[in-house]
Structures are given as C-alpha cells and as structure tokens.
Amino acid sequence: QVQLVESGGGLVQPGGSLRVSCVASGNIFGIVAMGWYRQAPGKQRELVANIINGGNINYADSVKGRFTISRDIAKNTVSLQMNSLNFDDTAVYYCNVATFRGVNWGQGTQVTVSS
C-alpha cells in the first residue's frame, strides 16, 4: 500500500504564491508518474500537472506559465509551486502517484484564493 502525505496549501490573495508538496511512502516500487489534480466545488477533478517517468511533464492549459511541478526521486516527493494565483485556482488539490500496481491519491489539501 502507498501512503501519500500532503503539505502546504492555505489561503492566499490573488496574485500570490503557494507551494504544495507530497511525500510518498510504503509500497512505492515502480512509480510511473507523480502529479497533482484539483477539484473545485461543483466541478470534476482535473489534472493540474504531472511528471511521467522519462521526464515528460504535463500542465493544464490554465496553469501553464504560472505553476511549476518538480520531483525529488530520492525523497519520493513531488511539489507544485503555484504563482500568480487567481480565484479560479481555488480547489482541493490532490497528490496522485501511479505505480505499476495502480493509482494512489492523497487526502487533499485546500487552496483558497480570496481577497
């Protein structure tokens, strides 16, 4: 079983920055991808950004140029630096780790952009 512990998030004003991080532990053999999804109230969960083994990085169009995803392989950590946040970025952010055995989700961390 894979355990994902998220940290970061919180309340920020428009234009501000936040960083969320996720540490994976447990049976994490064979990680295929690590990344972040988000779900806003009344909306479906959507991909924000992920890193695929081999180095491919994917970003949602809405966050390109503002968010940066990074991964520390040695520490089994994936982080998301979020800059120039706006109201539409308000959501619960979920860490996602895919291995050969399946997909694993964190418990979610709230990011609220409000003036």
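Counting just the residues of segment 53-65 that are modelled with pLDDT of 95 or more and touching a strand residue (DSSP E or B) at 6+ places or on another chain (Cβ under 7 Å), which one comes out most open to solvent (accessible area, probe 1.4 Å)? Only one residue fits best here, namely Ile57. Among the residues making up segment 99-115, those that are out of contact with any Cys (no Cβ under 9 Å at 6 or more places or on another chain), touching a residue at least 60 places away in the same chain (Cβ under 8 Å) and either of a type in the set (Val, Ile, Thr) or open to solvent by less than 20 Å² (accessible area, probe 1.4 Å) (or both) are Thr99, Val111, Thr112, Val113. Would you please name the residue that is surrounded by the fewest Cβ atoms within 10 Å (Cβ to Cβ), looking only at residues in segment 71-93 that are under 21 Å from Pro14 (Cα atoms) and under 11 Å from the mean Cα position of the chain (by Cα)? Residue satisfying both the conditions and the ranking: Gln81.
Scanning segment 18-42 for residues that are among the small types (Gly, Ala, Ser) and within 25 Å of Gly55 (Cα to Cα), we see that the one that is surrounded by the most Cβ atoms within 10 Å (Cβ to Cβ) is Gly35.
The values are calculated or read from the model by the stated rules, or taken from the named source; none is laboratory data. In this text the structure is predicted, and so the values were computed from the model without any measurement. Glycine gets a Cβ as well: all are built from the backbone with ideal geometry, and neighbour counts include every protein chain shown. Protein only, heavy atoms only, side chains kept; ligands, DNA and RNA dropped before computing areas. Shrake-Rupley method; radii C 1.70, N 1.55, O 1.52, S 1.80 Å.
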